[in-house]
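All remarks here apply to the structure that follows.
The values are calculated or read from the model by the stated rules, or taken from the named source; none is laboratory data. Fair warning: this is a prediction, and the values are worked out from it, not measured in the lab. Because the Cβ atoms are built from the backbone with ideal geometry, glycine has one as well, and the counts that use them run over all protein chains shown. To get the accessible areas, we keep the full protein, side chains included, count just its heavy atoms, and leave off ligands, DNA and RNA. Shrake-Rupley method; radii C 1.70, N 1.55, O 1.52, S 1.80 Å.
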Amino acid sequence: MCPLSKTPFLFPLLALITGILVQYYGQNIIWSIIALLVGGVIILFSYLLKSEKQFTYRWAFGLGVFFSFLAVGGFRTSLKQESLTYKLSDTYQTYVGYVIDTPQEKPHSLACKVHLEKDDINIVCYLEKDSTRRYPEVGDQIIFVGELQAFKNSGNPDGFDYQKYMYNQGMTASVYLPNVMWKLTGEQSHSLFTQALRVRQRIMELFTQMGFSVDEQAILSALTLGYQNALSEDLKQGFRTTGTVHVLSVSGLHVGIIYGLITFLLSFLPLHNRHSWIKSALVILLLWSYAFVTGLPPSVVRASVMLTAFCAAEIFNRRGNSLNNLFVAAFAMLLYNPFQFFDIGFQLSCLSVLSILVLYPILFDKFKSRYKSVNIVVGLLAVSFAAQLATFPLCLYYFGTFPTYFFLTNIFIVVLVSLIIYGVVLVSLLGGLSVYFSLSDVWLWLPIELLKGIVQVMTGLISLFEKMPYALIDQVKVSFVELVLIYAIILTMLTALRRLSSKAMIVSLSFSVLLLVIFLVVKMKDHQEKYLMVLNNNKETEVVIKTDGEKYSLDVSDRSVENPVYCLGKIRILLVNDILALDRMSDDIYDVNYAIVADQRIRSANLLHDKYKIDTLIVDGVLKSYVRRQLTKECENRKIHIYDVTKKGAYRINF
């Protein structure tokens, strides 16, 4: 029997993904209509064939279904794109909406995701901080007056594509609101999703009441509820460095632990009689109750759908296939929201689960022992290796980092995460019982102290591995072509080792040589580049010079240079970091190709034009908006080319 016959949802999933990708980048619904017509014609053809020819052309029906699901992917993506198409007004308008997620505290504001029902769009409102006012909570209705702004990227090379990220998250615009521009109406949303987030908020408040420290609350909220906004940047970086950041996102690992706990607690129910379906039904109910409490994030929904399919197979006495369950979950989630395919968490989660389902049995069978204690360690190592093997190329592509000690850290951290989840469940149960029964304080104090101890052990281990030499290899970002080649090498190498195939080994080595050649060509090209770049940074002036393969930042804080003109080859560049120093210069006029205006005290470019003959004026991001407008107006009057990095992104000068 063909192995693919056990995973019938693989081809519909591939067709759906193909349709999503084509429509996402092509943005033309015509091809989806054509694909649907072609699919319908092929399916009709397969039905009209004579019975003796149907076996010969049995592939026709499958091909027709493929085209049909390809069209479905295109239609669903097109609908999502239309929902995000909104013409922003260039004037202040009054808007009413509901807060749809837990507000996130920023250094100078409070970020609230708001759904505007009238316009049917999601936006981000940045509220001015004010300790005297009550901030919005999930589900609160807010009315405000403001001018919606489109999301913008910095325009710096290799910078985070914030605009695309917010687009994929379903966000249309943002607005900053001073205190006088918004207020709460007193109305609240009662949707299922809002109720889920409220329950999550109450549980986080329960952690505070139990006496956990700020960091302990943040870790517990992340590990059990998937809420990461309370984590400090130092904690996040520690998990990234050690290769354990995946445990901070509630996913298949956490749902699997909860599933194991639920099945253990329900083990007293009979398995093999006519009422055995009750246990599976209760497992499904409790699983989705946990998903509800976590706020229904995509990773939890995916894992819950997989386990629901497994439990449903038990109810109907059918043998479930874990791989097919994964494909069913991914298909359902992408059908609901096609943009989830572009979510990094979705990609990493699905790849890690896929790799574990395929590689774990092979690795465990290869290295298992007759001793149960040894097999526990072997199992943890097999899971860690399988997950990391599938995800590290994607991490190199997106982040350019590789955690060196992931193999060791994941063994300890996964065990500790399990203990923490069990501890939180125990503390929650005891806390609930204490409401109805008069329990002694020691019944709560002891589990809470044990839970604190486990959290402290986890943070201690993270800190220990983070400080070890070469804990994180960075600056190894790969291109899309290199990413494909790395996965090709892994797949062909695994095939060669599994089947002892010399042909697969030769193909794998060929891919490796090709990857090495591409790496060397890119390295040589990178070494030959010579440029100066003014980056878009509104906090401080950032000028980078690259030559002989090395990058270094120009010290713009040094204002002691009388005539800061830098000669790079035949190009002369003036750095105006002290406008007052120009008054002390001689009356000679200097010719410069570029002038970088980076002094926040500047109000006019007239003094510059008196001292220098400038071809191009580069306006730095630290300047105020009214100053940039004034400089632009003056340069246009003098017919001097001006470049504003805040509008057009980083400016690069090759030399």
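Of all beta bridges DSSP finds with both residues in the chain, what is the antiparallel percent, to the nearest 5? Let's see the in-between values first.
Values: 41 of 62 bridges.
If we restrict to bridges inside the chain, about 65 percent are antiparallel.
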Revision key, fill the gap. Length gained, R370-Q600, 0.36 nm per residue minus C-alpha separation, equals 75.6 nm
Practice item. Determine the share of the range 80-137's accessible area contributed by carbon and sulfur atoms, expressed in whole percent, with a 1.4 angstrom probe. Key: 46
Check your understanding: Under a point spin-label approximation (7 Å from Cα along Cα-to-Cβ), what is the Y590-V180 distance to one decimal in nm?
Key -> 4.6
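Can you tell me the dipole magnitude for the chain around its Cα centre, using point charges on the Cβ only (Lys, Arg +1; Asp, Glu -1), in Debye to the nearest 20?
Details: 59 positive and 50 negative charges, 471 e Å.
Charge dipole, the chain, about its Cα centre: 2260 debye, nearest 20.
Under the 0.36 nm per residue contour assumption, what length would be gained going from the current alpha-carbon distance of F655 and T459 to full extension?
Numbers: separation 196, 0.36 × 196 = 70.56 nm, distance 4.82 nm.
Using 0.36 nm per residue and subtracting the Cα-Cα distance, I get 65.7 nm.
Kyte-Doolittle cut-off 1.0, length cut-off 20 Å along the helix's own axis using Cα: show which whole DSSP H helices in the chain pass. Before the final figure, lay out each step's value.
Working: long enough: 10-26 (24 Å, 1.62); 30-48 (27 Å, 2.43); 59-83 (37 Å, 0.66); 192-209 (26 Å, 0.03); 277-293 (24 Å, 1.79); 298-315 (25 Å, 1.30); 322-336 (21 Å, 1.55); 344-367 (32 Å, 1.62); 372-398 (38 Å, 1.40); 406-436 (45 Å, 2.32); 441-466 (37 Å, 1.15); 480-499 (28 Å, 1.70); 502-528 (39 Å, 1.30).
Membrane-span-like by this rule: 10-26, 30-48, 277-293, 298-315, 322-336, 344-367, 372-398, 406-436, 441-466, 480-499, 502-528.
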Check your understanding: Roughly how much of Y165 is accessible, in Å² to the nearest 10, using a 1.4 Å probe?
Key -> 100
Point to revise | Pair N153, L429: separation of 7 Å Cα→Cβ label points (nm) | key: 5.1
**Study point:** Accessible area, probe 1.4 Å, largest first, for residues V65, V534
**Key:** V65, V534
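With all protein chains present, how much of the accessible area of the range 229-294 (probe radius 1.4 Å) comes from carbon and sulfur, to the nearest whole percent?
Heavy-atom surface of the range 229-294 belonging to carbon and sulfur, 1.4 Å probe: 69 percent.
Determine, from the Cβ-Cβ distance of L14 and F480 and an R0 of 22 Å, the FRET efficiency 1/(1 + (r/R0)^6), rounded to the nearest 0.05. Walk me through the numbers on the way to the answer.
Numbers: r = 19 Å, r/R0 = 0.86.
Efficiency, from the Cβ-Cβ distance: 0.70.
Just how many pairs of Lys in the range 396-534 have C-alpha atoms closer than 29 Å, counting pairs that are eight or more places apart or on different chains?
Values: K452/K467; K467/K477; K477/K523; K477/K525; K477/K530.
Lysine pairs meeting both conditions in the range 396-534 amount to 5.
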Check your understanding: Got the relative contact order for the range 460-560 handy, in percent, Cα pairs under 8 Å and 6 or more residues apart?
Key -> 15
Review point. What's the center-to-center distance, using Cα atoms, between the range 46-116 and the range 157-218 in Å?
Key: 23
Practice item. Give the accessible area for W445 in Å² (nearest 10); use a 1.4 Å probe, count only protein heavy atoms, and leave out ligands, DNA and RNA. Key: 150
Study note, to complete from the structure: Rounded to whole Å², per residue accessible area for the chain with a 1.4 Å probe reads 56
Exercise for review: With a 1.4 Å probe and all protein chains in place, put C395, C567, C311 in order of accessible area, largest first.
Suggested key: C567, C395, C311
Review point. In the full protein assembly as shown, how much of T194 is accessible to a 1.4 Å probe, in Å² to the nearest 10?
Key: 10
Review point. Which listed residue (L265, S502, L574) has the Cα farthest towards the positive end of the charge dipole for the chain, taking +1 on Lys and Arg C-beta and -1 on Asp and Glu C-beta about the Cα centre?
Key: S502
**Study point:** Spin-label model distance (nm) - K164 vs L37, 7 Å beyond Cα toward Cβ
**Key:** 3.3
Check your understanding: Which of these values of semi-axes √(5λ) of the Cα gyration tensor in Å was calculated from the structure shown: (i) 36, 35, 24; (ii) 37, 31, 25; (iii) 49, 34, 29?
Key -> (iii)
Point to revise | Label point at L282 placed 7 Å out along Cα→Cβ; residues across the range 235-268 whose backbone nitrogen lies under 12 Å | key: 262-268
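If DNA, RNA and ligands are ignored and the probe is 1.4 Å, what is the ranking of M204, M181, M524 by accessible area, most exposed first? Numbers along the way, then the final one.
Numbers: M204 20, M181 55, M524 120 Å².
Sorted by accessible area, descending: M524, M181, M204.
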Check your understanding: Counting each DSSP H run of 4 or more residues in the chain as -39500 (n - 2.57), what helix-only mean residue ellipticity at 222 nm follows after dividing by all residues, to the nearest 500 deg cm²/dmol?
Key -> -18000 deg cm²/dmol
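Evaluate E = 1/(1 + (r/R0)^6) for T91 and I473, where r is the Cβ-Cβ distance and R0 equals 35 Å; express this FRET efficiency to the nearest 0.05. Show your work: numbers first, answer last.
Working: r = 51 Å, r/R0 = 1.45.
With R0 = 35 Å, the Cβ-Cβ based efficiency is 0.10.
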Revision key, fill the gap. So the carbon and sulfur contribution to the accessible area of the range 378-425, 1.4 Å probe, in percent, is 84
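Would you mind calculating the gained length between I411 and L49 on full extension (0.36 nm times residue separation, minus the Cα-Cα distance), in nm to one decimal?
On the way: separation 362, 0.36 × 362 = 130.32 nm, distance 5.71 nm.
Going from the current span to full extension adds 124.6 nm.
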